[in-house]
1. Send over the per residue convex hull volume for the chain, Cα only, as a whole number of Å³.
2. What shape does region 230-275 have by the C-alpha gyration tensor, where a ≥ b ≥ c are the square roots of the eigenvalues, rounded means a/c under 1.5, and otherwise prolate means a/b greater than b/c and oblate the rest?
3. Which Rg and Dmax, in Å, describe the Cα atoms of region 1-160?
4. Dividing the Cα convex hull volume of region 1-59 by residue count, how many Å³ per residue is that?
5. Express in nm, to one decimal, how much length is gained between residue 11 and residue 89 on full extension, taking 0.36 nm for each residue of separation and deducting their alpha carbon distance.
6. Would you work out if region 74-209 is rounded, prolate or oblate? Take a ≥ b ≥ c from the square roots of the eigenvalues of the alpha-carbon gyration tensor; rounded if a/c is under 1.5, else prolate when a/b is larger than b/c, oblate otherwise.
7. Normalised by the residues of the chain, what does the relative contact order come to in percent, with Cα pairs under 8 Å and at least six apart?
8. What length, rounded to one decimal in nm, is gained on full extension from residue 175 through to residue 154, with 0.36 nm per residue of separation minus their alpha-carbon distance?
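Coordinate-derived values only; no laboratory data. Bear in mind that the values here come from a model prediction, so they are computed numbers and not experimental data. When we count neighbours, we look across all protein chains shown, and the Cβ atoms used for this are built from the backbone with ideal geometry, even at glycine.
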């Protein structure tokens, strides 16, 4: 599957005074479909999927705060509540509800929580490995002072860390290929070209703020997140790659928290199932979105 020659239009909206970026693939009279990327990624990672759906849907792909061409948080704080607020603002401002959402990893986590908060606004939901790690320690399992001390140490570490610089786009491209061996050369090059900025000294760095790696000490517990999953009423497709670190939502118990979800296992795919098995993914999602 190849990209169409006409790309999307870049647009901007504001949330909590931050200038946030998204791309709009046109066809505004069609049903809205929002594609939400994962952590340390950017909205143009959806270009192949968006190109496949643009004739039938009004496809919108935002850059999360601290990612892509969206502004960075001045404080370096990236709370899940803020990500959810940004998503709610985009949907509210552009009058997209009710809409379908396809989301990956961090984006899937955000979309699942948003849909639990506003179940009436989402008519179909696809989450690619957005449940988080099953072995993740719940926020309240450690004493509050310990959690905050650990977070402060991590913040200090980030404060002293400089973004990695690559002498050329080719070096960044090689790192992209190293990070995901499933990517074709064309995919890796496209993701790299849209994922870097050129620094003043001529080197290149990834666009994302390295503070996005940190998890806030006051995030919701696993049980509280599961309560939001239970509030989701729209048909939900939980996707995972069989060669990823993620476990099957059916076997790890996550599926039991959903009312109307089913699981899709993507063979010969890692964490980025929508890249690794693009045609299969598009076919499955197209059928899911079209079903009554």
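1. Here the figure is 132 Å³ per residue.
2. prolate
3. Using the Cα atoms of region 1-160, the pair Rg, Dmax is 16.8, 54 Å.
4. Working: hull volume 5.6 nm³, N = 59.
Normalising the Cα hull of region 1-59 by residue number yields 94 Å³.
5. On the way: separation 78, 0.36 × 78 = 28.08 nm, distance 1.42 nm.
Stretched out fully, the residue 11 to residue 89 stretch lengthens by 26.7 nm.
6. On the way: a/c = 1.85, a/b = 1.22, b/c = 1.52.
Oblate, since a/c reaches 1.5 and b/c is not below a/b.
7. On the way: 526 pairs, mean separation 52.7, N = 292.
Relative contact order here is 18 percent.
8. Working: separation 21, 0.36 × 21 = 7.56 nm, distance 2.43 nm.
Length gained, residue 175 through residue 154: 5.1 nm.
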